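Reading through the structure tokens given below for one structure.
The values are calculated or read from the model by the stated rules, or taken from the named source; none is laboratory data. All values reported here derive from a predicted model rather than from experimental measurement. Backbone-built Cβ (ideal geometry, glycine too); neighbour counts: all protein chains shown. Keep in mind that these areas ignore ligands, DNA and RNA; they rest on the heavy atoms of the full protein, side chains included. Shrake-Rupley method; radii C 1.70, N 1.55, O 1.52, S 1.80 Å.
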Amino acid sequence: MKKWKFLTAAALTLMLAACGSDEETSTKDEANEPAKTEETTSSTEAPAFPMTVSPLSAGSETEDGKSLTFEDVTFKEMPKNIVVFDYGFLDTLDALGVEGIVGIAANGGKGNFPEHLKEKYLTDSITDVGSLKQIDFEKVAAANPDAIFISGRQGSFYEELKEITPNVVFIGSDNSNYVEGVYESVDLAAEIFGKQEKAEELKAALQEKVDAVKEKAAGYENALVAMYNDKKISGFDNGEDSRFAYVYNDFGFKPSTTDIKASSHGSDFSYESILSVDPEVLLIIDRTASDVETIKADIENDIIKQTRAYKEGKIVYLDGVNWYFSSNGVTTEAEKLDEILNELK
């Protein structure tokens, strides 16, 4: 369900009404059809301003339990200077071909920035406005943004960012309906920046991959999503508060257990715990973003070698940056699905 509304827009009707000319009416019908098609496509992509946009999640909660509420934003015109704190939304804006990004949370080029976006966005021409959780407000203000896009990690800074511009849009994800939430994010960006046609192409391509993973998942008895972080293991089931519940609920894998304590960061899970649920497929998210061989040395120990996943070659190592730091981006999600499809041949 789309969550934004338009305040005024009569321009489209006027544009279409004014398109005819004496020359066009004198030509054959066959010649007129392509011109009409082109005009219609162009006009349906022209954003109507003022435009009021609703947050993709009306409320959220900080890690310390503080409740947050986010408001609608009214854009008087299309944003020209954009600051983006969410890597997934940055990924979507990039895939749509949106221009005008003047600030990102690059964290000095360190840490967990999506690999496929580095060359374009880690440059001197784009202001580094801090990290995902530590904002440099002076640099944000200096970038003179007329739109700031944030998600859960920046939620507690919402009011402070609104002092820089009232146009702060919260684009948090809906974990209970994950794939639909990705599409809503794409549609939101497409409506603001007039990229509807491209958005439909991207969503259709992503849905093909979702369907392919669902078909693949249906062939397995069960699976377990686990996260590796500095030699520690966390487990995730399909519970409402589980960060990776969508792997089961949207991608189609059947959980090997539904008895993991609900948490966005997962529950401490020993190697013995993994063996006790004995998943047919073990999906390991590398939170440390280290090389695969490094975590294999820890994961594939004598205990894990007793699991069906190991014996049948169904341990899948997943890129931590895409899965943990830049989820919800339309390109990122496609890459995540490709990881699963390529490993579970």
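For the stretch 134-224, the Cα gyration tensor yields ellipsoid semi-axes of 34, 18, 9 Å (square root of five times each eigenvalue, largest first, whole Å).
Under a Cβ-only charge scheme (Lys and Arg +1, Asp and Glu -1), can you give me the dipole magnitude of the stretch 190-248 about the Cα centre, in debye to the nearest 20? Display every interim value, and only then the final one.
On the way: 9 positive and 12 negative charges, 58 e Å.
Roughly 280 debye, rounded to the nearest 20.
Distances between placed amide hydrogens fall under 5 Å for THR74 paired with VAL53, all partners being 5 or more residues away or on another chain. Figure note: THR127, THR258 ranked by solvent-accessible area, largest first, 1.4 Å probe, ligands and nucleic acids not counted: THR258, THR127.
Grab the other residues whose beta carbon is less than 14 angstrom from that of GLU280, score K and R as +1, D and E as -1, and report the net.
Taking every Cβ under 14 Å from that of GLU280, the sum is +1.
Computed over the Cα atoms of the stretch 188-253, what is the convex hull's projected area averaged over all directions, in nm²? Please list the in-between numbers first.
On the way: hull surface 26.3 nm².
Mean projected area for the stretch 188-253: 6.6 nm², to one decimal.
In a fully extended conformation the segment linking THR294 and LYS232 would gain 21.0 nm over its present Cα-Cα distance, using 0.36 nm per residue.
When the surface is traced with a 1.4 Å probe over the full set of protein chains, PHE236 keeps roughly 0 Å² accessible. When each of the peptides 92-100, 326-334, 211-219, 137-145 is scored by the mean number of other C-beta atoms lying within 10 Å of its residues, the order from highest to lowest reads 326-334, 92-100, 137-145, 211-219.
Taking label points 7 Å from Cα along the Cα-to-Cβ direction, SER67 and ASP136 give a separation of 3.6 nm.
Which shape class, rounded, prolate or oblate, goes with the stretch 282-345 when its Cα gyration tensor gives a ≥ b ≥ c as root eigenvalues, a/c under 1.5 marks rounded, and past that a/b bigger than b/c marks prolate? Let's see the in-between values first.
On the way: a/c = 3.01, a/b = 1.63, b/c = 1.85.
Judged from the Cα gyration tensor, the stretch 282-345 comes out oblate (a/c at least 1.5, b/c at or above a/b).
In terms of its alpha-carbon gyration tensor, the stretch 46-192 comes out rounded; the largest-to-smallest axis ratio a/c stays below the 1.5 threshold.
How much net charge surrounds THR127 when only other residues with a Cβ under 15 Å from its Cβ are counted (Lys, Arg +1; Asp, Glu -1)? The partial results should precede the final answer.
Numbers: positive: LYS80, LYS120, LYS139; negative: ASP124, ASP128, ASP136, GLU138, ASP146.
Net of charged neighbours comes to -2.
Let me check I've understood the local charge: for ILE295, count other residues with C-beta under 12 angstrom from its C-beta, Lys and Arg +1, Asp and Glu -1. What total comes out? Neighbour charge sum, excluding ILE295 itself: -3.
Computed FRET efficiency, Cβ-Cβ of ASN177 and LYS305, R0 35 Å: what is it to the nearest 0.05? Could you put the intermediate results ahead of the total?
Details: r = 37 Å, r/R0 = 1.06.
About 0.40, to the nearest 0.05.
Compared with the direct C-alpha span, the chain from ALA204 to ASP278 gains 23.1 nm at full extension, assuming 0.36 nm per residue.
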